[in-house]
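Read-outs throughout are calculated quantities, based only on the coordinates presented, and are distinct from any laboratory measurement. None of these values were measured; they are calculated from a predicted model. All Cβ positions, glycine included, derive from the backbone under ideal geometry; neighbour counts span all protein chains shown.
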Ligand code: KG4
Ligand code: ZN
């Protein structure tokens with residue numbers, strides 16, 4: 001029997017729906033929410049309302065693009081946690097309604113597991129066990145993946161996430177939200193050696209980005225006293241230097257994790273893995289260290305439903321279904337149920 005799954009992602013400010021047949025993605029529709037830009041960050045209540053407006057047209061478009069009708073679905077999946085509770089509720093209620101109406105299985109998915117498994121979407125994929133550095137707006141983790149259902153977090157941030165480090169730096173530079181992609185763009189024409197920022201000394205495989213943020217703040221305050229247009233005159237070099245430091249913090253820990261575990265199948269995932277500086281430096285480190293490196297296609301790095309669909313596919317194979325009473329959860333506990 002072939003398995004056709006409709007998957008929904010609505011954990012933050014992206015409404016997305018994807019169709020997947022036997023582990024192959026047929027469509028992946030993503031509607032991002034512009035409404036937050038003017039506030040410099042995601043406004044939870046506005047996000048929930050936008051999800052309500054987007055979810056039916058987005059799911060409809062995903063079905064159309066795949067050339068499928070709802071009656072052909074074998075299961076429906078949704079992001080259960082972590083995320084903004086109001087946003088998660090929209091996706092979970094939508095998926096439950098479809099499961100109930102069509103009498104098909106419901107599959108709940110952990111967003112961070114899905115970011116990792118985005119590396120299993122394309123033909124060229126890592127073999128098990130593999131390591132994954134997952135870097136998003138809310139999380140920074142190093143995960144050992146022994147099988148699609150068996151993941152263990154071996155390192156994570158003790159304060160800000162890597163994406164937050166990008167976004168908060170962008171805010172200090174008066175750039176609009178989300179600033180990560182803009183820092184990436186300006187950094188391309190900048191000199192990464194121009195300014196230097198400290199690397200935190202965190203033991204083991206832990207990360208910390210709050211000290212970096214403070215040092216950037218003081219650095220900018222000092223320089224603008226002397227030169228009021230300092231940011232404007234040095235934007236590219238500041239972006240390149242900050243990006244270089246964030247990337248080296250991430251990759252030094254990833255190298256440590258690989259040397260400790262002896263695992264050389266290494267992936268990155270999450271919104272920040274769309275960063276061109278990280279992608280290049282990761283490939284370069286992979287060559288030095290003798291890794292096989294994997295990065296999801298660009299559209300599968302930032303939030304999307306294709307990664308929810310591929311995770312749901314493996315959960316379907318494991319008969320790991322959710323009850324209609326399952327509730328969305330804002331918390332990040334590593335649950336696969
Ligand atoms: O995974 P994601 O789409 O959503 C969460 O689960 O959080 O990640 C969003 C984060 C934001 O902080 C955004 O600024 C960052 O990913 N991001 C980037 C780039 N594209 C997205 N950061 C740096 N460079 C990029 N090109
Ligand atoms: Zn995400």
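With the cut-off at 1.5 for a/c, could you classify segment 154-198 from its C-alpha gyration tensor as rounded, prolate or oblate? Working shown, then result.
Working: a/c = 2.04, a/b = 1.34, b/c = 1.52.
Cα axes put segment 154-198 in the oblate bin.
The slack in the chain from residue 103 to residue 221, taken as 0.36 nm per residue of separation less the alpha-carbon distance, amounts to 36.5 nm.
List the relative contact order of the chain as a percent without decimals, with contacts defined as Cα pairs under 8 Å and 6+ residues apart.
25
Calculated mean residue ellipticity at 222 nm for the chain: -14000 deg cm²/dmol, from DSSP H runs with n ≥ 4 weighted as -39500 (n - 2.57), summed, divided by the residue count and rounded to 500. Which residue fluctuates the most in the chain, going by a Gaussian network model with Cα springs under 10 Å, if the choices are 123, 289, 265? Residue with maximal mean-square fluctuation among 123, 289, 265: 123.
By the count of other C-beta atoms within 10 Å, a proxy for reagent exposure, 319, 147 are ordered fewest to most as 319, 147.
Taking neighbour counts of Cβ atoms within 10 Å as a proxy for exposure, in what order, fewest first, do 12, 239 appear?
12, 239
Exposure proxy for 244, 22, 237, 303: other Cβ atoms within 10 Å of each Cβ, ordered fewest to most, give 22, 237, 244, 303. Taking label points 7 Å from Cα along the Cα-to-Cβ direction, residue 298 and residue 252 give a separation of 3.1 nm. The gain in end-to-end length when the residue 327 to residue 147 segment is fully stretched comes to 62.2 nm, 0.36 nm per residue minus the alpha carbon separation. Put a dot 7 Å past the Cα of residue 3, heading toward its Cβ, do the same for residue 320, and the two dots end up 1.1 nm apart. In this simple spin-label model, placing a label point 7 Å from the Cα along the Cα-to-Cβ direction at both residue 233 and residue 283 gives a separation of 3.6 nm.
Here segment 198-311 has an Rg and Dmax of 16.9, 53 Å, counting Cα atoms alone.
The ellipsoid that matches the Cα gyration tensor of segment 74-153 has semi-axes, each √(5λ) in whole angstrom, of 26, 17, 9, with the longest given first.
At each listed q (0.07, 0.13, 0.15 Å⁻¹), what is the log10 of I(q)/I(0) that the Debye formula gives for the chain modelled as equal alpha-carbon point scatterers? Here log10 of I(q) over I(0) equals -0.29, -0.95, -1.21.
Multiplying the residue separation of residue 122 and residue 85 by 0.36 nm and subtracting their alpha-carbon distance yields 10.3 nm.
Counting alpha carbon pairs within less than 8 Å and at least 6 residues apart, what relative contact order, in whole percent, applies to segment 214-337? Spell out each step's value before the answer.
On the way: 63 pairs, mean separation 22.3, N = 124.
Relative CO of segment 214-337 lands at 18 percent.
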